[in-house]
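J.: Mind looking over this structure? Questions follow.
The values are calculated or read from the model by the stated rules, or taken from the named source; none is laboratory data. Remember, predicted model here, so these are calculated numbers, not experimental data. Don't worry about glycine lacking a Cβ; one is built from the backbone with ideal geometry, like all the others, and counts go over all protein chains shown. Surface areas here come from the heavy atoms of the whole protein model, side chains and all, with no ligands, DNA or RNA. Shrake-Rupley method; radii C 1.70, N 1.55, O 1.52, S 1.80 Å.
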Amino acid sequence: MEQDTLREWEYKCIQEEPPECTATCPIHVDARMFVKEMARGDREAAFRVLAKTMPFPGILARICDHPCEQKCKRGEVDEPIAISYLERSCVEQTTGRVRVPLLPRREQKIAVLGSGLAGLTATWDLLKKGFGVTLFEQSGRLGGSLRELPDALLPQEIIDGELAILEALNGGIRLGETMDGQRFEEICREFDAVFIDRETITGCDLPLRQNDRGDIAINAASGATDREGVFAGGGTRDCGAWSPINETLQGRKGSLSIERFIQKANMEAGRGNDGPYQTRLYTNLNGISLTPRVQPADRAAGFSDDEAQAEAGRCIRCECLECVKTCLFLERYQAYPKKYARQVFNNERVIYGAAHTKNQFVNSCSNCGLCETVCPTNFHMGDLCLQARRTMNEQKLMPAAFHEFALQDMSHSNGEHFTLARHEPGKNESAWLYFPSCQLCATSPGEVLLSYGYLRERLTGGVGIMLGCCGAPAYWSGRDDLFRESMATIRCEWQKRGSPRVITACSTCQNLFTEHIPGMETVSLWTIIEEEGTPDITGGTAGTTVAIADPCSSRHEPKTQTSVRQIVRSLGMSIEALPLSGDKPECCGYGGLMFNANPKLGQDVIARRLEADNAHEYLAYCAMCRDHLAAGGARVCHLIELLFPAVAGGDPAARGWISWSERRTNRARVKQGILRELGEQGAEIVKSCEGIMLEMTQEIRRRIDERRILDDDIRMVIDHAEQTGKRLLNTQNGQYRASCQTENVTFWVDYTGEGDRFTIYNAYSHRMKIVGVK
């Protein structure tokens, strides 16, 4: 990933954008953090938040006109947070003192004319930046119109105490200065730059261009006047709407312009967010309960401690995190997409031999697209992770353990045990081509064969069949070379049969074909059944209520989803709505190969989903959704099991999980079934160890399956041990322990038995290579 690509990804995530209150504040006080600290009862911390951005917080927090409250998102639910009361309460009841970190002293000297809020703010900011600043005031004391405010609002001693910091910062103060054109010229010659507070110094006093109100005319963005090195601001009282916080902004803008002027930098570039601006942050207000605004018992005294905490506790802490709320993967790694993008970028820059700390992260995403659907800016974490996987493969840094098993299973599906492409028996052309998917064949072989018979009965023009894998594991793992190879094979076989319309029983297959094989027209099996009518014999389902588990790959296939629901209703079943369905289905943990790269996360995804759904019985139309839900303990059946029951009178929802070894056997059964109908004899592919019979408890079988160890792997170990005698005997329990090493993996098995029948007690594997024994 290049730097500009990273910036594009970062910009898409709006989590770090400021809330409305901060963006609306002319000087961008972090009101969200301030209110959070007040809710915690920590006034000292709250004061530090104010002092970080606000000059003279003891003054401004008492008199600010608080435009932030007008944009408070809480106000869209009931009433805005009383930020004004909270700020006043904070500064009146805290002993906090402003600690100002000073930059190294600079040689340039700046003059500030007038000590209204704009002039005071410019002085404060420039002193903090290390400039030598002299403040000129015509009257006998600092403060300008602040001195005219009632003592009940702003006591004189507060003004004196707050402004004393200017002297502490070594600011020069000259009171009683007469300001006319001659004195102004002297100051301009003596100082490197000048800021004028228009509240106390009018255009009539100085030789500068004026606007139609008689004020010194300035550039709105920079505060520059028509004289080089002279800047001005303030004076909003004369406009009829004096705003203390906008006066402060005027001084702050002037100080920044002076700094740029001294540095000979562009004074207007990159200043679009000076002052109030529109934030990009999205905050979901659904589910926020009404909570009345707290009214102080004594309005004159303001909030008590308890009242302040209660009012601050109403804040909804505006943030986005829409994707994190719905995706356990994003939640589990305790950040959000903008941070993840940086981490992925840094992970790619790690030198060879160092730790790539985000390898598992980028391989744990299910690539389901739910994040993109719920994100206000369509941030697709799956696309980011997929690109990172491709980069890891290109750099040859992808750990084999993440995807090897899934790629081996894909290879099996595209191998001689399963792959097949034929016209309909008795025909030499096909108007249709049925692609049932490798995983549906692996879980429901009898039902797949019956569904193929149904299609041949209902459709005209010939219905061919193609068995194989669509290449999804290669796509998800970032192995573009293997994926292109799969697509090329499928395209070739499809074209050999006259490029017929393809019927898919898997939404993932349908999506990949549509996106990567131009000209291939696809249609869902469920849409065909909706249009042609359900088969004459279906499972007994009338009166049953089911929750339809839409696969994540159907997110953009509303036609398929509608067809499934129409079929279910036609069977006399009722549908229970799920929290996430339609365009927001959640992945079952198989997509993106999450189940392989991060098995624990995949299990947790299902567990959380079952808890949130609280459904009595599920109906799936994705083979992996069906199996993963079943593995999580849910009652679930596949739609094909209801429409084409291979076993009459059974309860398909009671069927549990299916092992990976059974899957491979089932795929072979589908191929053999098709070949029998064609009158062909499939070649028997028998390994030397396939005659070995294995016995094990269901618990051990499940444990071994979760470790991605196949029956054939176990047979290979036993065959090798029995042939060579290389095995260890545990004299306490009589079990043998043996191992056998393949190209990348060493398998170990604990067993007893002899001849062709063996009992298995445990099996595990690792990627260490045993090179010898000392």
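J.: Return the long-range amide H neighbours of ILE173 (sequence gap of 5 or more, or a different chain), with a cut-off of under 5 Å between placed amide H atoms.
T.: LEU135
J.: About the Cα centre, and with charges only on the beta carbon of Lys, Arg (+1) and Asp, Glu (-1), how big is the dipole of the chain? Nearest 20 debye, please.
T.: Numbers: 91 positive and 104 negative charges, 366 e Å.
For this selection, approximately 1760 debye.
J.: Residues of region 659-681 with the amide nitrogen closer than 15 Å to a label point 7 Å from the Cα of GLN408, along Cα-to-Cβ, please.
T.: 660-665
J.: Right, another one. Helix 244-262 versus the longest principal axis of the chain: what angle, 0 to 90°, nearest 10, using Cα atoms?
T.: Roughly 90 degrees, rounded to the nearest 10.
J.: Here's something else I'd like to know. Helix 181-190 against the longest principal axis of the chain: what's the angle in degrees, Cα atoms only, rounded to the nearest 10?
T.: The two axes meet at around 50 degrees.
J.: Over region 109-263, what percent of the accessible surface lies on carbon and sulfur atoms, probe 1.4 Å?
T.: 46
J.: Would you list the P(r) distribution for region 322-398, with all Cα-Cα distances sorted into 5 Å bins from 0 and each bin expressed as a whole %?
T.: 3, 16, 29, 25, 15, 8, 3, 1
J.: Now for a different question. Could you check the simple spin-label distance between ALA152 and ARG183, using points 7 Å along Cα→Cβ, in nm with one decimal?
T.: That separation, rounded to one decimal, is 3.7 nm.
J.: If I model a spin label as a point 7 Å beyond the Cα along the Cα-Cβ vector, how far apart are those points for GLU76 and ARG390 in nm?
T.: About 3.6 nm separates the two model spin labels.
J.: In degrees, nearest 10, range 0 to 90: what is the angle between the Cα axis of helix 43-53 and the longest Cα principal axis of the chain?
T.: 80
J.: Now, a different point. Could you give the length gained by full extension between GLU680 and ASP160, i.e. 0.36 nm per residue of separation minus their alpha carbon distance, to one decimal place?
T.: 177.1 nm
J.: Further, regarding this structure: How much of LYS339 can a 1.4 Å solvent probe reach, expressed as accessible area in Å² and rounded to 10?
T.: 80
J.: Stick to Cα atoms and the Kirkwood definition of Rh, then tell me Rg/Rh for region 711-774. Before the final figure, lay out the partial values.
T.: Working: Rg = 11.5 Å, Rh = 12.1 Å.
Here the Rg-to-Rh quotient is 0.95.
J.: What aspartates and glutamates could a cross-link reach from LYS671, if we take a straight Cα to Cα line under 18 Å and drop same-chain neighbours fewer than 8 places away?
T.: Partners within reach: ASP409, GLU416, GLU424, GLU447, GLU493, GLU662, GLU680, GLU684.
J.: Next question, about the same structure. What full-extension length gain, to one decimal in nm, is calculated for ASP651 and ASN273 as 0.36 nm per residue of separation minus the Cα-Cα distance?
T.: 129.7 nm
J.: Using R₀ = 35 Å, calculate the FRET efficiency as 1/(1 + (r/R₀)^6) where r is the Cβ-Cβ separation of ARG484 and THR746; round to 0.05. Could you put the intermediate results ahead of the total?
T.: Numbers: r = 32 Å, r/R0 = 0.91.
So the FRET efficiency works out to roughly 0.65.
J.: Here's a follow-up. Where the accessible area of region 443-599 is counted over protein heavy atoms with a 1.4 Å probe, how much of it, in %, is carbon and sulfur?
T.: 48
J.: Continuing with this model, one more query. Starting with the highest mean, order 146-158, 209-221, 557-569 by the number of other Cβ atoms within 10 Å, averaged over the residues of each peptide. The partial results should precede the final answer.
T.: Working: 146-158: 13.1, 209-221: 15.1, 557-569: 18.3.
Peptide ranking by packing, descending: 557-569, 209-221, 146-158.
J.: With bins 10 Å wide starting at 0, give me the P(r) of region 109-263 over every alpha carbon pair, in whole percents.
T.: Whole-percent P(r) values from 0 Å outward: 11, 46, 35, 8, 0.
J.: Here is a follow-up. Can you figure out the FRET efficiency of ARG7 with LYS325, using R₀ = 35 Å and their beta-carbon distance, to the nearest 0.05?
T.: Computed FRET efficiency for ARG7 and LYS325 comes out at 0.85.
J.: Under a 1.4 Å probe, what is the accessible area of the chain per residue, stated in Å²?
T.: 44
J.: Output ³J(HN,Hα) for region 263-270: one whole-Hz value per residue in order, computed from phi by the Karplus curve 6.51 cos²θ - 1.76 cosθ + 1.60 with θ = phi - 60°, and x for Gly and Pro.
T.: 7, 6, 9, 5, 7, 10, 5, x
J.: Could I ask something else about it? Carbon and sulfur together cover what percent of the accessible area of region 303-395 at a 1.4 Å probe radius?
T.: Exposed carbon and sulfur together represent 46 percent of the surface.
J.: Students often get this wrong, so try it: which of (1) 0.97; (2) 1.32; (3) 1.02 is Cα Rg over 2.2 N^0.38 Å as calculated from the structure shown?
T.: (2)
J.: Just want to confirm a number: the relative contact order over region 109-263, from Cα pairs under 8 angstrom separated by 6+ residues, in percent.
T.: Here the relative contact order equals 28 percent.
J.: For region 41-146, take N as its residue count and report Rg(C-alpha) divided by 2.2 N^0.38 Å.
T.: Against the compact-globule rule of thumb, the ratio is 1.28.
J.: Right, here's the next one. Cα-Cα pairs above 19 Å in region 389-536: how many percent?
T.: Working: 5749 of 10878 pairs.
Result for the distance tail: 53 percent.
J.: Relative contact order for region 693-766: what is it in percent, counting Cα pairs under 8 Å that are at least 6 residues apart?
T.: On the way: 112 pairs, mean separation 25.1, N = 74.
So the answer I get is 34 percent.
J.: Picking from ASN730, GLY755, GLN741, whose Cα lies most toward the positive end of the charge dipole for region 693-766 (charges on Cβ: Lys, Arg +1; Asp, Glu -1)?
T.: Most positive-ward Cα: ASN730.
J.: Hey, another quick one. May I ask you to derive the relative contact order of the chain, considering only C-alpha pairs under 8 Å and at least 6 residues apart, and to give it as an integer percent?
T.: Details: 1358 pairs, mean separation 76.2, N = 774.
For the chain, the relative contact order is 10 percent.
J.: Direction-averaged shadow area of the convex hull around the Cα atoms of region 538-585, nm²?
T.: On the way: hull surface 12.9 nm².
Value for region 538-585: 3.2 nm².
J.: Find the all-direction average of the projected area of the Cα convex hull for region 604-652, expressing the result in square nanometres with one decimal place.
T.: 3.4
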